[in-house]
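Report on one structure; see the data block that follows.
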Amino acid sequence: MKAPVRVAVTGAAGQISYSLLFRIASGEMLGKDQPVILQLLEITPALEALKGVAMELEDCAFPLLAGIVQSDDATVAFKDADYALLVGARPRGPGMERKDLLEANAAIFSAQGKALNDVASRDVKVLVVGNPANTNALIAQRNAPDLDPRNFTAMTRLDHNRALSQLANKTDSSVNDITHMTIWGNHSSTQYPDLHQVKVKGESAMGKVEQDWYENDFIPTVQQRGAAIIKARGASSAASAANAAIDHMRDWALGTAEGDWTSMAVYSDGSYGIQEGLIYSFPCTCKGGDWTIVQGVDINDFSREKMAATEKELAEERDAVAHLLP
Ligand SMILES: NC(=O)c1ccc[n+]([C@@H]2O[C@H](COP(=O)([O-])OP(=O)(O)OC[C@H]3O[C@@H](n4cnc5c(N)ncnc54)[C@H](O)[C@@H]3O)[C@@H](O)[C@H]2O)c1
Ligand SMILES: O=C(O)C[C@H](O)C(=O)O
């Protein structure tokens, strides 16, 4: 049996965590041979609800669950954490854009970045789910000067999975037939789901769909899917968000499928001309617990314009929280 790893999850009594924690504890994120210690963070008023979640985790008798820590103190929850899933934040309601949450949530992520810097494992893999996810990840990263910026990522895997399903429906194929999907940029309505590299059963996706569908149906549907779920459910996506967080972390820890890539919002090194230091979603492969931005993807004028628009939004979000960026 492997030694247990420490997985910190914030917002642990919230909607997403109610799906996420049980799947982490059952081994779906890190493998069926990897014991985990869950280190759960909540705000003080939610500690009683968190206790109930912890009781349910116990009642599952998961063979891989080696311990549960519950706290309202980030330096306790992040102590020696090998993985940190930063979910806790205020979700948006109907009519709000994700950037409306910027002020409300920015303070949380600067404090949590500092706490990770102080007490987490030096190799901690951080996934920010709480919105606006890319900019929250940037705030956490900049407040953790002793950690490698590459340790901080934000989630666009839900958008990636949404794009796979939309395309599978349109082309009457299975998601298993589709490879090389890319979400570029921000997890927001400016994100750019790019089909130009996508293959369906090994053939070009762009050859199977009309340009009009691509531009006026597919792209807006993927960009607006979060809002559509909020409208339909009266609450933001939860089980699908948890599923995407599992996919993101599993691929980062255990590797992406051979011959394919995924979408991850990561620290920009200037690839594709994107400003260095933004947390921008790129096509990435993962191996040996490390991610790499895929190089050499062809970018046409249409794509360039869309990639620049979402980059501009991220730069504006960064500038709006400049006071929180040391
Ligand atoms: N990136 C994505 O694809 C994606 C998808 C879905 C939802 N989200 C975002 O995830 C976040 C959580 O969504 P949810 O539906 O679980 O919300 P929720 O309101 O059900 O749960 C959030 C939890 O976070 C806790 N919390 C608040 N501040 C905290 C802090 N400082 N430390 C620790 N915990 C704290 C709250 O008490 C609450 O229990 C939201 O920001 C939502 O917009 C992101
Ligand atoms: O859209 C939201 O606010 C929730 C989440 O980011 C989503 O994409 O479902």
Only one residue in ILE274, ILE246, ILE279 is more than 17 Å from LEU164 (Cα to Cα) and either within 16 Å of ligand 1 (Cβ to nearest atom) or out of contact with any strand residue (DSSP E or B) (no Cβ under 6 Å at 6 or more places or on another chain) (or both), so which one is that? ILE279
Close pairs (6 angstrom Cβ cut-off, 6 or more residues apart or separate chains): over 19 Å from ILE279 (Cβ atoms) in the stretch 247-267, modelled with pLDDT under 95 and part of a helix (DSSP H, G or I) anywhere: none
Among the helices (runs of 4 or more DSSP H) contained in the stretch 46-136, which hold 1 or more residues that are within 17 Å of the chain's Cα centre (by Cα)? 102-119
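Restricting the search to the stretch 1-29, which residues are at pLDDT 95 or above, in a loop (DSSP other than H, G, I, E, B) and open to solvent by 10 Å² or more (accessible area, probe 1.4 Å)?
LYS2, ALA3, PRO4, GLY11, ALA13, GLY14, SER26, GLU28
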Reported set for the stretch 30-53 where residues are among the small types (Gly, Ala, Ser) and buried (at least 17 other Cβ atoms within 10 Å of the Cβ) is ALA46
Of these, THR256, THR285, which one is of a type in the set (S, T, N, Q), surrounded by 15 or more Cβ atoms within 10 Å (Cβ to Cβ) and assigned to a loop (DSSP other than H, G, I, E, B)? THR256
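The values are calculated or read from the model by the stated rules, or taken from the named source; none is laboratory data. Here the structure is a predicted model, which is why all the values come from computation and not from measurement. Backbone-built Cβ (ideal geometry, glycine too); neighbour counts: all protein chains shown. We work out accessible area using only protein heavy atoms, side chains counted, and drop any ligands, DNA or RNA first. Shrake-Rupley method; radii C 1.70, N 1.55, O 1.52, S 1.80 Å.
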